[in-house]
Structure formats: structure tokens, C-alpha cells
Amino acid sequence: VEGVIALVRANGGRSTHSRRIVLETLFDGEDCATAEEIAAVAQRRAPDVHLSTVYRNLEELQELGVVVHSHMGHGPATYQLASHASAYLICDACGARFEAPDAMFKSLAKAAHEQFEFAIDPHHVAILGRCRACR
Ligand SMILES: [Zn+2]
Ligand SMILES: [Zn+2]
């Protein structure tokens, strides 16, 4: 957390109490939590941290490049530390989630670049499908 707080300061951001709590929650919690999940955990440590404060902090941390959001299927956006971001495959039926290595998107990235000069971002949106058990 201290390293990220230093980064936030170096990028011109302020280090507030609520921001520290949000960052600690992101570091300690499981990957990919929604803002509401982050707020619920943060409020156990500091009851005065409101959901709106969490949203604002997440926005600012995204602008600073410390946090990224991604869309895990149909639910609300989830947030994770930029340094820990990865791609996911999610079962549309049971919700099973698989962390997909970046190498899995190598040929897609190559084709998208060659045909459209387009740089894909496989971390931003999860790929939906069916797991083995639900097919
Ligand atoms: Zn988005
Ligand atoms: Zn499934």
C-alpha cells in the first residue's frame, strides 16, 4: 500500500484517509471486487467511509493508473489493482471464473493488429461462455 500511496502522491494525487482504506481493501481482498463489495469491507474498518466516497476514490485511482475496472459478465463493474489485472473466462450459467493467462490472447492480438491495427485489451471485459459442467 505504501508504494502505491507514494505513486499516487508522485502523480499529483492526494493521500486521504478514505483513499488509504480503499487501497488497503483492494490489496487485502480478493481480485475483482465491485465498488459495493469494496465499500462493505472498507466500512468494517472505517464506518465513516461512504459508498459515494469509494466510487470517487476508485475514479481518481483509475485516472492515476493505479486501479483498473473490468466487466465480469452482466454484473456491475469490478475493480482491481492495475498491477494485478488479468483476463477472465466466466461461465454464463454457473458463474465459474477462470483467470486466463495473457498468452491465450496472443494470436487474437496479432490478428487484430494485422487486420485493423487495433490493440486489444483482454483485461477490460471478461469472455463469457459455458464451463465444462454446464455445457
Ligand atoms: Zn469499462
Ligand atoms: Zn458453469
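The values are calculated or read from the model by the stated rules, or taken from the named source; none is laboratory data. All figures in this text were calculated on a predicted structure; none of them were measured in a lab. Cβ atoms come from the backbone with ideal geometry, glycine included; neighbour counts cover every protein chain shown.
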If you check every pair at least six apart or on different chains, which have Cβ atoms under 7 Å apart with a residue in the stretch 94-122 that is more than 19 Å from His71 (Cα to Cα) first and a residue that is exposed (fewer than 12 other Cβ atoms within 10 Å of the Cβ) and of a type in the set (A, V, I, L, M) second? His113/Ala119
Could you tell me which of the residues Ser52, Ser86 is within 19 Å of Ile120 (Cα to Cα), of a type in the set (Ser, Thr, Tyr) and surrounded by fewer than 17 Cβ atoms within 10 Å (Cβ to Cβ)? Ser86
Tell me which residues, restricted to the stretch 40-49, are among the hydrophobic types (A, V, I, L, M, F, W, C) and either surrounded by fewer than 19 Cβ atoms within 10 Å (Cβ to Cβ) or not in a loop (DSSP other than H, G, I, E, B) (or both). Ala40, Val41, Ala42, Ala46
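Does the stretch 73-96 include one or more residues that are charged (D, E, K, R) and within 16 Å of ligand 1 (Cβ to nearest atom)?
Step one: of the stretch 73-96, the residues charged (D, E, K, R) are 92.
Applying the additional criterion that residues be within 16 Å of ligand 1 (Cβ to nearest atom) yields none.
No, the stretch 73-96 has no match at all.
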Of all residues in the stretch 11-48, count the ones that are within 16 Å of Gly65 (Cβ to Cβ) and at pLDDT below 75. 5
Across the stretch 79-135, which residue is modelled with the lowest pLDDT among those that are of a type in the set (D, E, K, R), away from ligand 2 (no atom under 16 Å from the Cβ) and outside any loop (DSSP other than H, G, I, E, B)? Asp102
